[in-house]
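Read through the structure below, which is laid out as structure tokens, and then see the notes.
The values are calculated or read from the model by the stated rules, or taken from the named source; none is laboratory data. This is a predicted model, so every value here is computed, not measured. Using ideal geometry, Cβ is built from the backbone for each residue, glycine included, and neighbour counts are taken over all protein chains shown.
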Amino acid sequence: MTVQHIDAVIAIDAQGYVDPWSATTWYNEMRDDDRFHLVAIAESHPRGGCSDHPGGFEGAGDRVVGHAGLLFLAGMAHVSNVAVDSDYQHRGVATRLLIELLDRARERGCTAATLEARAANKRAHRLYSRLGFQPLGISRGYYTKPPEDALVMSIRYLDEPEVAERIDRVRAALRLART
């Protein structure tokens with residue numbers, strides 16, 4: 001992700017977040033060495049072809065269709081956000097973004113990954129579980145707009161070969177789904 005993607009990221013966030021980050025917050029995120037954000041880029045039409053491109057789509061793409069981010073802290077990676085344009089949901093974009101984030105976390109030497117998801121967001125829970133995240137507990141009142149608890153999830157041993165194998169199986173399934 002670069003600063004030229006910020007407007008598109010804000011537009012995606014406006015579709016799904018009640019309290020999205022401001023442009024100032026995004027600019028600060030881009031300057032912080034302990035943060036990593038990426039975008040998925042596609043052709044302008046939501047029926048365009050997918051590929052194995054790390055961001056999820058390739059070619060002469062011109063439309064940001066999703067984004068995701070990490071915070072690196074004390075040997076751990078924390079997934080700070082994942083969002084996909086409503087026209088591109090249910091097409092594996094979020095899965096590919098998360099796989100790339102986990103690959104980057106492993107490359108950076110992180111031994112664990114964490115995230116929070118709205119307690120009612122069962123679709124997100126299933127996605128995270130497929131990649132190996134397991135529930136740790138509930139953070140009461142974590143979200144304020146609207147008020148809701150968060151399910152805290154983690155991959156405790158991100159550096160273990162079994163985790164890489166699981167991620168590779170999900171990556172392979174995405175490739176098969178497109179053929």
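Can you tell me which of Leu151, Leu174, Leu115 is closer than 23 Å to Ala42 by Cα, not in a loop (DSSP other than H, G, I, E, B) and not charged (D, E, K, R)?
Leu174
Looking at the range 126-176, which of its residues are buried (at least 16 other Cβ atoms within 10 Å of the Cβ) and touching a Pro at 6+ places or on another chain (Cβ under 8 Å)?
Selection gives Leu151, Val152, Met153.
Pick from the range 138-163 the residues that are touching a residue at least 24 places away in the same chain (Cβ under 8 Å) and of a type in the set (Ser, Thr, Tyr): which of them is nearest to Ala124 (Cα to Cα)?
Taking the candidates together, the pick is Ser154.
Determine the pairs where a residue that is within 16 Å of Ile12 (Cβ to Cβ) and surrounded by fewer than 20 Cβ atoms within 10 Å (Cβ to Cβ), located within the range 22-44, has a partner that is among the acidic types (Asp, Glu) and modelled with pLDDT under 95 with Cβ atoms under 9 Å apart, the partner being 6 or more residues away or on another chain.
As it stands, the answer is Ser44/Asp62, since those pairs meet every condition given.
Test Tyr88 against the criterion of being among the hydroxyl-bearing types (Ser, Thr, Tyr), under 18 Å from the mean Cα position of the chain (by Cα) and under 19 Å from Tyr17 (Cβ atoms), and give yes or no.
So Tyr88 fits the description; yes.
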